Each structure stands twice: as structure tokens, then as C-alpha cells.
Amino acid sequence: MSLLILVFFTSFFIVLLATPSLIKVAFLKNLIDLPSERKIHTRAVPTIGGIIIYAATLFSFSLWYNIDNLSEFNQVYESVKEFKILIATSLVLFFVGVKDDIIGTAPMKKLFANIVVGLILILIGGIRITGLHGVFGLEEIPQWASIFLSLFTYIVVVNAMNLIDGVDGLAAGVGFIVTTVFGTWFIFANNYEMASLSFSLSGALLGFLLFNFYPAKIFMGDSGSLIIGMLICVLSIKLIEYPIAQLDDFWVKISKPVFVIATLTYPLTDTLRVFIIRTMKGLSPFSADRNHLHHRLLDCGFSQTKTVCIIYVYSVLTVGASLLSYFLSPSLALGAVIICSGLFIGMVSLRYNSIIKKKQNNEIV
């Protein structure tokens, strides 16, 4: 446990101490995002915060990376293999993100990079979903379905974290909640390697959140959101595939897929929703707009601070809802999580439509 505390605070203080210098460099080199009609910020803000998030996470995880508690050669081999795969794939996404933050990258090129990284993780790293673990009554699935589902999951999660980065403190805050929840789960599962990865990213995100909360002094950019999405996806798959035999009685009864889906509910729900809206309008799913739920909350009159706090609370409540799988079947527990998401979207939509209707009536008058 003391090692995890070191992991968390190492990445936290690196971000806390290094970010002011990074902000200064960004302004000197004109690495900033200027305000526009589509953007909600009203002043120039540096966009390369992902550099320090990635650096702090990688440094902390590597520094305190520990295989001394692994007694068997196979365990050591698998641990080192996963470590190498994580470093290699994260470097690819990091440089793709940095390029996008500085000069821009076409969406299809970023998608191609995501597919390549996903295939490396799945085919070489062996980090893939092998079954649904009781959801819809399914356990094991064929290998081809496993590869397809794992790649689809990876692309969705990475893009979901990228797409919610539209309000000060949102992606960093949601990422902090997700990684803290996952890290806590891995502690109970006695998997301190994955807990270390979770808390190295969690500490970096908390440190960054101090500069990214409204009014943001720096944005994480794609160099941050892509890395965060990738690491969260790896943690999600490792959690889902964790051997039940190594869990205590309480966590054995908690559906792992439902727990992961609930923890990622906001980015997954928001991404699915905007993709459906864009497709119905005949637009590319990757085209930019203001149809995200956080945009709806802003249009309802909430400040950026209240908007992100509402989403934080919603994210925590859905994690609590997933614990109902202790009493219910995985399918029913998933239904409870979906109902929570539906209620949240419904309440936001009702308030938004009511405000739009009042504005239209005032214009007519």
C-alpha cells in the first residue's frame, strides 16, 4: 500500500511543479488554442498539457514498477511483456497526439493510429476481452469475436475520452474518478501492478486538474486524452479478464463488465449519443458540434464549474449502481446502469428543451 502512495504522489507532484513551466513555454512558442465561435473559452490557452500528464505517469509507473513479489518465471515474463507493450503503444499515441495539438491531424489518420495500437495490444500484448462473463447469459466467445470486440472497445473508449474534453476540468476529472475507482478495485484484487498504473495516472490527473479546472490555465489536448483513453481501456480489459479465483466473496458477485461499463458511463453514453445524432443528420460521427451533454448543461444555464460537478456526481452514482450486481444478475445490473444513464439524459434534455421553448416564445412576443 505504501508503494501505491508513492506512485500517486510522485506523479502528482511532478505535474504540480512542472506545469507552470510548461505553460510558460507554450506561450513563448505560441502553442496555444485561440478562442472562436465554436469554442467556449474566451482567451488563448496552451494545448500541450498531455505532455506533462504522460511524462509524470510514465516516470512514476516506471520508477516504482515492482516485480519482486512475483515468484514464478512466467509471471515475471508476462509482467515485463505487458510493460514493454504499454510503453511502445503509448509512445505511438503520444506523438500522434502531440502532432495534432501543434499542427493538426486528420481524423482518419488518428483512427488508423488507434487501430494499429489496438491491434498491437490485442495480438501481441494479448490484452483482449475473451468473454462477456455472464452478461446476456454469455461466457466465452470465439477468438475472432474476441479480437473484434476488444478492438471495438479500444477505439470507442479512446475516442470517448477524447470527445468529452470540451469543458474545463471535465476529461481530467472524469479520468481521475475512473482511474481511482479502478485502482481501488485492483487493490482489493491484490493486483498491485495494475493498481500502480491506475494511481500513477490518477495522481497525474489530479495534479493537472488544479490547472485545468475552470478557468483553465492549460488544456490536455489530444496528447493527453488519447493516452488517458488508451490506459483506461487497458485497465478496463485487465479488470474484466481478472481471474475470479483471486477475488474475495464480495467482488466475485460483482459483475466485472457491468462495473467497468458503469465506471465509464459518462464518456460512453455521451459518445454513443452524439454519434447517433450526427449519423441521423447525415454527418460524419467525428465532425465537431455542440451536441454533447456537457454543452447541453451549459446551454441550460449551468456554469462550467457546476456542469463538471454534476457529471462528477453522476459518474460516482453510476459506479454505486453497478454494485447492485451483488444482488442481481449481470444483465439486470446492466439494466440498472442503463436506466440511470437514461434518467440523466432525460432530465438534461427536458431542461434544455424547456429553455429553448421559452427563448422561442420570448422571440415571438
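The values are calculated or read from the model by the stated rules, or taken from the named source; none is laboratory data. Worth saying up front: this structure is predicted, and the values here are computed from it rather than measured. All Cβ positions, even for glycine, are placed from backbone atoms using ideal geometry, and neighbour counts span all protein chains on display.
Just one of the listed residues (L334, L298, L324, L317) is closer than 24 Å to K357 by Cβ, hydrophobic (A, V, I, L, M, F, W, C) and in a helix (DSSP H, G or I), namely L298. Could you check, for the stretch 271-278, whether at least one of its residues is touching a residue at least 12 places away in the same chain (Cβ under 8 Å), assigned to a helix (DSSP H, G or I) and among the hydrophobic types (A, V, I, L, M, F, W, C)? Yes: the stretch 271-278 contains one or more residues that are touching a residue at least 12 places away in the same chain (Cβ under 8 Å), assigned to a helix (DSSP H, G or I) and among the hydrophobic types (A, V, I, L, M, F, W, C).
Please verify whether P285 is closer than 27 Å to L226 by Cα and touching a Lys or Arg at 6+ places or on another chain (Cβ under 7 Å), treating the condition exactly as stated. Even if it seems obvious, please write down each step before you answer.
Numbers: closer than 27 Å to L226 by Cα: yes; touching a Lys or Arg at 6+ places or on another chain (Cβ under 7 Å): yes.
In short, yes.
For the stretch 233-259, a residue qualifies if it is free of Cβ contacts under 8 Å to residues at least 40 places away in the same chain and part of a helix (DSSP H, G or I), and the qualifying residues are I244, A245, D249, V252. Only one of the numbered conditions (1) among the polar types (S, T, N, Q); (2) at pLDDT below 95; (3) closer than 28 Å to D33 by Cβ is violated by S200, and that is (2).
Per the listing I261, I355, the residue uniquely of a type in the set (V, I, T), at pLDDT 85 or above and surrounded by fewer than 22 Cβ atoms within 10 Å (Cβ to Cβ) is I355. Quick check on my filter: what residues within the stretch 105-118 are under 19 Å from the mean Cα position of the chain (by Cα) and crowded, with 16+ Cβ neighbours inside 10 Å? Answer for the stretch 105-118, where residues must be under 19 Å from the mean Cα position of the chain (by Cα) and crowded, with 16+ Cβ neighbours inside 10 Å: K110, A113, N114, V117, G118.
Taking the stretch 12-30 as the range and being part of a helix (DSSP H, G or I) and of a type in the set (D, E, K, R) as the test, only K24 passes. Criterion applied to S349, S331 was being of a type outside the set (V, I, T), over 22 Å from the mean Cα position of the chain (by Cα), surrounded by 13 or more Cβ atoms within 10 Å (Cβ to Cβ) and within 19 Å of I164 (Cβ to Cβ), and the one residue passing it is S349.
Of the residues V274, V313, which single one is of a type in the set (A, V, I, L, M), surrounded by fewer than 15 Cβ atoms within 10 Å (Cβ to Cβ) and under 17 Å from A171 (Cβ atoms)? Break it down stepwise before answering.
Numbers: V274 fails: surrounded by fewer than 15 Cβ atoms within 10 Å (Cβ to Cβ).
Every option except V313 fails the conditions.
Somewhere in the stretch 207-230, is a residue surrounded by fewer than 20 Cβ atoms within 10 Å (Cβ to Cβ), within 24 Å of K81 (Cα to Cα) and either more than 19 Å from the chain's Cα centre (by Cα) or aliphatic (A, V, I, L, M) (or both)? Taking every residue of the stretch 207-230 in turn, none turns out to be surrounded by fewer than 20 Cβ atoms within 10 Å (Cβ to Cβ), within 24 Å of K81 (Cα to Cα) and either more than 19 Å from the chain's Cα centre (by Cα) or aliphatic (A, V, I, L, M) (or both).
Taking (1) surrounded by fewer than 19 Cβ atoms within 10 Å (Cβ to Cβ); (2) in contact with a Pro (Cβ under 8 Å, 6 or more places away or on another chain); (3) part of a helix (DSSP H, G or I); (4) of a type outside the set (F, W, Y) in turn, S284 satisfies each apart from (3). Within the stretch 316-336, the set of residues being in contact (Cβ under 8 Å) with a residue 60 or more places away in the chain, aliphatic (A, V, I, L, M) and farther than 26 Å from D168 by Cβ comprises L323, A333, L334. Considering only the stretch 1-39, state which residues are over 22 Å from I87 (Cα atoms) and crowded, with 16+ Cβ neighbours inside 10 Å. Those that are over 22 Å from I87 (Cα atoms) and crowded, with 16+ Cβ neighbours inside 10 Å: L16, T19, L22, I23, A26, L31, I32, D33.
Among the residues of the stretch 1-54, the one identified as under 23 Å from the mean Cα position of the chain (by Cα), farther than 19 Å from F95 by Cα and of a type in the set (D, E, K, R) is K39.
Counting only residues that are over 20 Å from D270 (Cα atoms) and either in contact with a Ser or Thr (Cβ under 8 Å, 6 or more places away or on another chain) or not basic (K, R) (or both), the stretch 334-364 holds 8 of them.
Quick check on G207: is it touching a helix residue (DSSP H, G or I) at 6+ places or on another chain (Cβ under 6 Å), more than 22 Å from I5 (Cα to Cα) and of a type in the set (G, A, S)? Before you say what the answer is, go through the steps one by one.
On the way: touching a helix residue (DSSP H, G or I) at 6+ places or on another chain (Cβ under 6 Å): yes; more than 22 Å from I5 (Cα to Cα): no; of a type in the set (G, A, S): yes.
No; evaluated as a whole, the condition is false for this residue.
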